[in-house]
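Please treat every number below as a calculation from the coordinates, not as lab data. Fair warning: this is a prediction, and the values are worked out from it, not measured in the lab. Backbone-built Cβ (ideal geometry, glycine too); neighbour counts: all protein chains shown.
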Amino acid sequence: QAEEYQRDAHKPAITTDGFQIEIAANIGSVEDAEKAVVAGAEAVGLLRSEFLYMERLNEPTEEEQAEKIGAILEVMGKERPVIIRTLDVGGDKPLPYLPMPHEENPFLGVRGVRIGIERPSILRRQVRAILSQAHKGHARIMYPMISALDELRAVNALVREEQKNLGVEHVEVGIMIEVPSAALMADKLAQEVDFFSIGTNDLTQYVMAIDRGHPGLASRADALHPAVLRMIELTVRAANDAGKWVGVCGGLASQIEAVPVLIGLGIKELSVSVPALPEVKHKVRTVSMEESCKLAQAALDCADTSDVKDLLKSQS
Ligand code: PEP
Ligand code: MG
């Protein structure tokens, strides 16, 4: 079956009633980008830029960062947009060259975009590296862990400043929606970005108040919980009202049975792990938007994760 999916991997993912969904890849390296193209990726929905330098003991220079980003943009080409997420460390992801003070609750501490705001010179170098390579492909910039409008404004101001400094024209910017406050305030945030991408891994962790890596509890942090689905619905509705699009780059997008729920909620881009690309495309081709919308509404009305799972089983 995997061979059958791969055979059609380079065809678009269009529902039986004619709605095309963009199927993108989550990557962390130039090699991933090459594999993603082979597996039929139409875009990169998430480049986890911290993975480019995980093993480094000192901060990569602006030129070193530019080199890898440029290589990835060239592999993907002008036709495939690449969402480059700015450094997302802290919490569960330490960086050897960025020692962080001890925190009681690192997932609620200086993580994601908060590091860039505290230490703007690091963020600035990264943003300059991205902007300097933008001409090589279709680059988009995304900020992780946005929890309030003032954070978004601070980083947007820095990006605009560097755009001016480097003479780069408009680059689309977006934010991860992975903190409940961002989902709740999506209508306001949508005014100042071009797109949203929902990080269901962290969103679930923060909605359910369950550490995503907790040995005993993590299995209860299920992105199919109706509370998480309602957050997604809220986000999409706010974005649509503002004329912006929403993707999902968290693990839920790679869960085949969740695909109709997500597209039924109005998600336009599914960004999935490279091995999942052909099957997710195949799944989209087997469902209709009309049925998916009904399924999504039914899922929103479920009382618990197990009800959502039963609902999805009854469909397949
Ligand atoms: C997420 O939180 O869902 C996400 C995609 O980001 P990461 O897994 O890198 O935290
Ligand atoms: Mg995350």
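General observations
- Derived scalar couplings between HN and Hα for the range 136-144 equal 7, x, 10, 8, 10, 10, 9, 9, x Hz in order, rounded to whole Hz, by the Karplus curve 6.51 cos²θ - 1.76 cosθ + 1.60 (θ = phi - 60°), x for Gly and Pro.
- Spin-label model, Arg285 to Lys309: label points 7 Å out along the Cα-to-beta-carbon direction sit 3.0 nm apart.
- Here the Karplus relation 6.51 cos²θ - 1.76 cosθ + 1.60, evaluated at θ = phi - 60°, turns the backbone of the range 249-259 into coupling constants of 10, x, x, 4, 5, 8, 7, 4, 5, 7, 3 Hz, with x for every Gly and Pro.
- From the alpha carbon centroid of the range 221-239 to that of the range 89-139 is 26 Å.
- Multiplying the residue separation of Gln20 and Gln191 by 0.36 nm and removing their Cα-Cα distance gives an extension gain of 59.0 nm.
- Of the GluC sites (Glu not before Pro) found in the range 1-107, those that fall in a DSSP loop while having at most 13 other beta-carbon atoms within 10 Å are Glu55, Glu79, Glu103, Glu104.
- Val287 long-range amide H proximity, modeled H, under 5 Å: Thr16
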